[in-house]
Structure formats: structure tokens, C-alpha cells
Amino acid sequence: MTVMTGLEAVVAEPSVVTIGNFDGVHRGHLTLLHRTVGAATDSGLRSVAVTFDPHPAAVLRPGSEPLMLQTLEQRVEALEDAGVDLVVVLPFTTELAALQPEAFIQRVLAEGIGAVRVVVGTNFRFGHRAAGDIVALAEAGDRFGYGVEAVGLLELDEAAVSSTSIRTAVTHGEVVRAALDLGRPFALRGQVVEGDGRGRTIGIPTANLDVNPGVVVPASGVYAGRASVDGETYDAVVNIGVRPTFDGRTTTVEVHLLDAEVALYGRTLTVTFEQRLRGEQRFDGPEQLVAQIHQDIAQARSLLKAPAG
């Protein structure tokens, strides 16, 4: 797969294209992506996914943009996993936002990429003040030489799968619900940084994860999860919170690997969240905290070793 930022280096050639923010690359997005890849393969064409960075709201209404479900790096990796040949990351600027719908189609889809088929969700909007919709996209297709496939929103349990609903689930600690909509466990990625070393002093060493401030973090509490670094994956317990037993004030993400001792400082760690074990608690002292952590570890180990389903 090839990744390009902007259209300048993209060579326009006949392509099947899907376009959107794709935050989280959830199961609804995957429906679009798989249809795009399938149509391209059947026709011997290039499959292309177009996404935006930063989130349009960060440019149009600074301060109102949502916390993202993924870093851009994670999003691109998920798009690659879906099988597309090319990912185009369009820098979202005031200039791009000002393009009228037909100008957007001409510059991005027709002249920029060479679309002969465009696959989008039925709620897709584009152009200045989101004036363009599926009807406008299809009508312009007659002039610019592409066809349009509109895909209905994916629903699970009678609710549409969306980045917004997944974001809400994650912020409430409902990581099992989020995983159902994502099609995989929610993941955080960051560099392991130096902490206060308190975990090691109580016999339960942890790695402090430096998380991108623009990414959503699960609700405070303790989670069973898995941690991956350089191709190796380990079962883990993850604590998110301010560590009230020690009068902490800053939220941290701390990861304890189960049954493994690995040098992690300075390395990039990806942590997936399988299940929330409990909320954050204040204990009367370190001894009670340690006893509870050992219970958390035992519960996580049992849960993570259990066969799927």
C-alpha cells in the first residue's frame, strides 16, 4: 500500500475511491472499504481511500473538534489492513473547506485521483458548508465520468455504528460495546515515559504511556487488555486514573504486563482494552491497594486466557 499526503504527488489513473474521515475505521467504514477494494479488484483498477487531517471541525470551529479514536498513524494502518492500494491524506484547510461541491469533485475525485467509481455512505456530505450530498455527487458523475455506489449505515442492535457512538462508549468505559462496533478492541498507542516508579516499589511495575492529547481515553478504572511492542503481544492490566490512594492529581495510563518482564522505557506501546474490571477506587493504604491489584491481575489473567466466545 502507498500513503500520500495531499494530491500533488498522486498520479491520476482509473480508480475506485471511497472518501471520509474514517475515524476509528469501524465496521461501517470497513463495509465501504471492502466494497471499494472488491469493485477495484473485479475491474482491475486501483482502490483508493481518501481521508482528512486534521478533523474538519478543528479548522471550521476550533475547539469544538472531537477527541479522535485513533492517531493518524493508526488510522492509516487500519486502512491498509482493509486492503486498499492507496491512502490519500488530504490536509483539511480553509481553502479546501471553501470549495463548492462541484469544484471539490473536479479537483479531488476527477483530476486529482481519476475516479471512475465512488463508494460512500448515504450520509456523506462534502463541499462548502457541507452543501454536497449523494444526489449532487451522482449528478456530477455524469459530467466527470464516474459512477456512485451509496451504502446504507451499518446497524447493530438497531443502532447505527458511528465514530460518535464508539467515542461515547469508550469515554464511559464500555470497551466491550466499543469493540463490537469497531470490529476489534479499542487501542491506545504511545511512548513509554518515566513515571514516579511507585509501581516497582510495591512489587507491581508499570509502564506509563504518553498518550496523544487529541485521542479519546477510556474512563478511569482498571482494565484487562493486551500490550504490543515490536511485534510481540503480552497480556496486561491497565490502570487509568489519578491514583487517589496517593493523592494524585494527573490522569495517567499505566500498563502492567502479566507474566513477563520487558524493558519498555522509550519504546512505542499499543494497548488494547478487552474488558473493564472495576472503576477507580481510593484505598486506606498501599497494603489494601496491593491486595486489590493482585485480585485484578488474577481476574484479568483468567479472562484473557479464556477461549473466545
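The values are calculated or read from the model by the stated rules, or taken from the named source; none is laboratory data. Because the structure is a prediction, the values reported are computed rather than measured. Here the Cβ is made from the backbone with ideal geometry for all residues, glycine too, and neighbour counts use every protein chain on show.
Go through Pro56, Pro62 for me and flag whichever is of a type outside the set (Asp, Glu) and either loosely packed, with under 15 Cβ neighbours inside 10 Å or touching a Pro at 6+ places or on another chain (Cβ under 6 Å) (or both). Outline the logic, then answer.
Values: Pro56 fails: either loosely packed, with under 15 Cβ neighbours inside 10 Å or touching a Pro at 6+ places or on another chain (Cβ under 6 Å) (or both).
Step by step, each of Pro56, Pro62 is checked, and only Pro62 is of a type outside the set (Asp, Glu) and either loosely packed, with under 15 Cβ neighbours inside 10 Å or touching a Pro at 6+ places or on another chain (Cβ under 6 Å) (or both).
Gly231 satisfies every condition listed in (1) touching a residue at least 24 places away in the same chain (Cβ under 8 Å); (2) at positive phi except (1).
Look at Leu277 and say whether it is surrounded by 12 or more Cβ atoms within 10 Å (Cβ to Cβ), within 27 Å of Arg184 (Cα to Cα), touching a helix residue (DSSP H, G or I) at 6+ places or on another chain (Cβ under 6 Å) and assigned by TED's automatic domain parsing to the domain that holds Ile240.
Details: surrounded by 12 or more Cβ atoms within 10 Å (Cβ to Cβ): yes; within 27 Å of Arg184 (Cα to Cα): yes; touching a helix residue (DSSP H, G or I) at 6+ places or on another chain (Cβ under 6 Å): yes; assigned by TED's automatic domain parsing to the domain that holds Ile240: yes.
In short, yes.
Evaluate segment 212-221: report whether one residue or more is buried (at least 20 other Cβ atoms within 10 Å of the Cβ) and either not charged (D, E, K, R) or not assigned by TED's automatic domain parsing to the domain that holds Ala291 (or both). Yes, that holds for at least one residue.
Would it be correct to say that Thr5 is modelled with pLDDT of 95 or more, surrounded by fewer than 18 Cβ atoms within 10 Å (Cβ to Cβ) and touching a Ser or Thr at 6+ places or on another chain (Cβ under 8 Å)?
Values: modelled with pLDDT of 95 or more: yes; surrounded by fewer than 18 Cβ atoms within 10 Å (Cβ to Cβ): yes; touching a Ser or Thr at 6+ places or on another chain (Cβ under 8 Å): no.
So Thr5 fails the test.
Per-residue answers, yes or no, for (1) crowded, with 19+ Cβ neighbours inside 10 Å; (2) farther than 30 Å from Asp157 by Cβ; (3) aliphatic (A, V, I, L, M):
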| site | (1), (2), (3) |
| --- | --- |
| Gly231 | no, yes, no |
| Val255 | yes, yes, yes |
| Leu258 | no, yes, yes |
| Ala263 | no, yes, yes |
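You will find that of Ala169, Ala140, Ala150, the residue that is without any contact (Cβ under 8 Å) to a residue 60 or more places away in the chain, closer than 19 Å to Gly20 by Cβ, touching a helix residue (DSSP H, G or I) at 6+ places or on another chain (Cβ under 6 Å) and in a helix (DSSP H, G or I) is Ala140 and no other.
Return a yes/no flag: does segment 246-268 have any residue that is in a loop (DSSP other than H, G, I, E, B), within 25 Å of Glu174 (Cβ to Cβ), free of Cβ contacts under 8 Å to residues at least 12 places away in the same chain and not assigned by TED's automatic domain parsing to the domain that holds Arg75. Yes, some residue in segment 246-268 is in a loop (DSSP other than H, G, I, E, B), within 25 Å of Glu174 (Cβ to Cβ), free of Cβ contacts under 8 Å to residues at least 12 places away in the same chain and not assigned by TED's automatic domain parsing to the domain that holds Arg75.
Examine segment 6-29 for a residue that is in a helix (DSSP H, G or I), in contact (Cβ under 8 Å) with a residue 12 or more places away in the chain and closer than 15 Å to Leu109 by Cα, and state whether such a residue exists. Checked against the condition, which is being in a helix (DSSP H, G or I), in contact (Cβ under 8 Å) with a residue 12 or more places away in the chain and closer than 15 Å to Leu109 by Cα, segment 6-29 yields no hits at all. Scanning segment 73-98 for residues that are among the hydrophobic types (A, V, I, L, M, F, W, C), surrounded by fewer than 18 Cβ atoms within 10 Å (Cβ to Cβ) and part of a loop (DSSP other than H, G, I, E, B) yields a single hit, Ala98. Given the criterion small (Gly, Ala, Ser), modelled with pLDDT under 95 and touching a strand residue (DSSP E or B) at 6+ places or on another chain (Cβ under 6 Å), identify the matching residue among Ala236, Ala260, Ala227, Ala300. Matching residue, one of Ala236, Ala260, Ala227, Ala300: Ala260.
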